[in-house]
Amino acid sequence: MTAVVSSEQIVQERAALRRVATLVATATPPEQVFAAVAAEAGRLLGSDLAGICRFDADGTAAAVGAWSRSGHGRPFPVGTRVPLGGRNVATLVFETGRPARIDTAADASGTPAAYARERGFGPVVGVPIDVEGRPWGVVMVISLSPQPFPPDTEDRLAGFTELVATAIANTQARVELREFAEEQAALRRVATLVARAAPSEEVFAAVAAEVGQLLAVDFTVLGRYEPAGAATYVAAWTRTGRDFPVGIRVEPGGLNVHTLVFESGRSARIDDYGATTSGTAAQIGRDWGFRAAVGMPISVEGRLWGCVSVASMRNEPLPPDTEDRLAAFTELVATAIANAEAQAALTASRARIVAAADTARRRIERDLHDGTQQRLVSLALQLRTAQLAVPPGPGELSRRLDEVANGLVAAVEELREVARGIHPAVLAEGGLHPALKALARRSAIPVRLDMQTRERYPEPIEIAAYYAVSEALTNAAKHAGATVADVHVATRDGRLHVSIRDDGHGGADPHRGSGLIGLTDRVEALGGQLRLHSPSRAGTTIQLSLPLTVPGAPYDTAVTGPRDRRTGGREGRSCPTAGP
């Protein structure tokens, strides 16, 4: 039998649908749309109750919208949750994906049916809400009388379910768009750190925080693997406000995310961090209240470097897209690590090149001093001895011998200056303090030297500081027209700080062959920094900061005694090596 719908009912139905459509079109929050649909459908179809339920992954139906004609309390308020199963409208719609009705309560079974009988529900009609091809929930109208609903009820309800599905799809699209935008913003912030070569520990901490906040988890941990599988936590973030134990070493083995990722080289997840998990990492997780966890490997240039893992304290699995969303961050971490390793290798390589050049200069200086210079001194002495055998008088022979002898003395002095420029012996023998004092004495302009330290430092550091002062004083005298220079040397925060300032006319340009480019390369090769401030007519200031350890140095870098000029070794060593 086909129900007859009057023109007035058609007008009312269209008006109700239009009101709901307006809410959907204006992006009204879903909970308001659900309440409006329940009320409009209930009043239009003459039911006593109306409601909307969402199907959840745990096999339950949750009330998300409800209406009651009496207006005095709703028999199934929003938030009510019942397990599906048996023969009832909610379960039939869920299982078949089609409209369903039960006209007699005695024909129903399952928890929803028991819930309905307790509240005196009579006939029920439900229509599925499909969102993007999958069952999302059900819209139901309920009567408190035994009279069944008209046969066209399902069709009339369908118009509302389509609007509800549109509202849900729109909301999901907005949520997904917002999540995408947030994810891209987080990735962009991390990528910016990677691009400007921020220290690895800064990148690790940023990734842990960004991942934790973006995925709404309770914990994020970054671990670095050792060859045997032990992991050291290098960064962590928690929503709890407590400090997770960064820096601890976790032994491999057992059933836990860190071990699973290490053994497989692939992502791993544990949905129930209960009694089934084992191992040191699992124990730490249980102590901190982990309930579910997901881990993603960090691979650097084809080798497994570590793992990023997230964990939740909720009694439910992490979302199925967690691995995919983590992957983008692990790629950035891998890039940061690869960049840092490449930079470290480059720095060590540059340091070795500088060290090799300094070794060659020292060898040349030693060969000149111990070989050529000593040979010339010996020849000069022999010539003076020969002069004693020449009869006194103003003869031509005596005059020429004097010229040769004086020439030898001048050659020896010039050779000493050359050798000193190649590698000053006083620097190798006494260190930076006496070397700079000697440099100040020989300077063409007065030098006010303020040495706040007399310690010995790694040889490359001393050499770099010496040549910086030497170059600055030379430029001040030859090019800047300076009348005085101030040299200040001190140590703080594990670094050697040197400042050279003159009162010349300024305007120094390192690109015009002043030697500052070579100094900058030397300083940066040692992990240091050189800054030049030379405004026109306001003097020039050179500041350098050098670490007291040398990256990749192939030689002993801590000294406390003079270098033996014959062997190149150190005497009087009394402290451990300061090298890496």
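Computed from the coordinates by the stated procedures, all read-outs in this text should not be read as laboratory data. The structure displayed is predicted, hence computed values, not measured ones. Note that each Cβ is placed from the backbone with ideal geometry, even for glycine, and that neighbours are counted across all protein chains shown.
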query: For the residue pair Ala338 and Thr240, what label-to-label distance in nm results when each label sits 7 Å from Cα along the Cα-to-beta-carbon direction?
result: 3.6 nm
field: Fewest-first sequence of Tyr467, Tyr115 by Cβ atoms within 10 Å of each Cβ
entry: Tyr115, Tyr467
message: Based on alpha-carbon centroids, what's the gap between the range 304-331 and the range 92-138 in Å, whole number please?
response: 37 Å
field: Length added when fully stretched, Thr483-Arg454, from 0.36 nm per residue minus Cα-Cα
entry: 7.7 nm
- request: For Glu202 and Glu316, calculate 0.36 nm times their separation in residues minus their Cα-Cα distance, and state this gained length in nm to one decimal.
  value: 37.9 nm
- line: Expressed in µm² per second, the diffusion coefficient of the range 198-343 from the Stokes-Einstein equation, with Rh the Kirkwood radius over alpha carbon pairs, at 25 °C and 0.890 mPa s, is 165 µm²/s
- line: Taking r as the C-beta separation of Asn170 and Arg87 and R0 as 45 Å, the FRET efficiency to the nearest 0.05 is 0.85
message: Just to confirm a number: summing +1 for Lys and Arg and -1 for Asp and Glu over residues other than Asp130 whose beta-carbon lies under 15 angstrom from that of Asp130, what do you get?
response: -1
statement: Checked the range 7-174 with the C-alpha gyration tensor, a ≥ b ≥ c its square-rooted eigenvalues, rounded below a/c of 1.5, otherwise prolate if a/b is larger than b/c and oblate if not; verdict oblate
Nearest-0.05 FRET efficiency for Arg98 and Arg43, computed from C-beta distance (R0 25 Å): 0.50
